[in-house]
1. Expressed in whole Å with the largest first, what are the equivalent ellipsoid semi-axes of the stretch 32-171 derived from the C-alpha gyration tensor as the square root of 5 times each eigenvalue?
2. Run the quick spin-label model on Thr8 and Phe23: label points 7 Å from Cα toward the beta carbon, then report their separation in nm to one decimal.
3. Calculate the radius of gyration of the Cα atoms of the stretch 1-86 to one decimal place, then report Dmax, the largest Cα-Cα distance, as a whole number, both in Å.
4. Using a simple spin-label model with points 7 Å from Cα along the Cα→Cβ vector, what separation in nm is obtained for Lys137 and Lys102?
5. Given the peptides 2-15, 27-40, 148-161, arrange them by the average over their residues of other C-beta atoms within 10 Å, most packed first.
6. Enumerate the aspartates and glutamates that Lys76 could reach by cross-link, defined here as Cα to Cα under 14 Å, with residues fewer than 8 away along the same chain left out.
7. Give the distance, in whole Å, between the Cα centre of the stretch 17-31 and the Cα centre of the stretch 96-165.
8. For n ≥ 4 DSSP H runs only, could you compute -39500 (n - 2.57) per run for the chain, divide by its residues and tell me the 222 nm figure to the nearest 500?
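What follows is calculated from the coordinates using simple rules that are stated; it is not laboratory data. Here the structure is a predicted model, which means the values were calculated and not measured. Heads up, the Cβs are rebuilt from the backbone with ideal geometry, glycines too, and the neighbour counts pull from every protein chain shown.
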Amino acid sequence: MNSLIITTILLIVAGLITGSILFWTLCLGIGPTPTSRKVRSAIRDILPNNVSGHIMELGAGWGHLIPTLREKYPDKKIEVWERSPIPAIYTQFVYGIEVKRKDFFEADFSNAKLIVCYLFPDAMKRIETEIMPELPKGCWVVTHTFSLSGSKPVQVIKARDLYKTPVYLYQVH
Ligand SMILES: C[S@@+](CC[C@H](N)C(=O)[O-])C[C@H]1O[C@@H](n2cnc3c(N)ncnc32)[C@H](O)[C@@H]1O
């Protein structure tokens, strides 16, 4: 009897977790797909050395980029945004980092010096039109797979994976 109750509770919890992830994937247009190890390695190579202020990750998912950012910028605070509650709670707990569980399009970008994200084409278009104009001059943007179609990257490198995933570095002029 006890094991039946425990199994039922576990199934309900698993269903709620899956349902929440699916719901937010549909709402946001993308799920918490992590950046692969080989693409993270390319990101490590392209991250700029001199970042004099605020670092923001837009849509942290399960937090796979946080160790790379911490390794490169050990003294910097990383502002992490993730709207989907389950990945946000996981990332906050596993990496011991505050995660802003809100829509990053509502963030204040006035002090941003580096933006890192991995999103999808429609979100990249919104970044181009809604966020890029708010970024201070000199701010870096690092993204991969999907580019900012209206901006010219400073550098593009290819990850050593099957897809030769492009990793882009932009700077606001
Ligand atoms: C493809 S995942 C990338 C995860 C992580 N950055 C990585 O590279 O491993 C994109 C994440 O962005 C989040 N996201 C998408 N739009 C968002 C928004 N407007 N505000 C906050 N989070 C958002 C999604 O929930 C998802 O977890």
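1. Values: eigenvalues 78, 65, 48 Å².
Sorted largest first and rounded, they come to 20, 18, 16 Å.
2. The modelled label-to-label distance comes out at 2.2 nm.
3. For the stretch 1-86, the Cα radius of gyration and maximum Cα-Cα distance read 17.8, 61 Å.
4. 2.9 nm
5. Packing order, densest peptide first, comes out as 27-40, 148-161, 2-15.
6. Correct list for Lys76: Glu57, Glu98.
7. If we compute the Cα centre of each part, the gap is 21 Å.
8. Calculated mean residue ellipticity at 222 nm is -11000 deg cm²/dmol.
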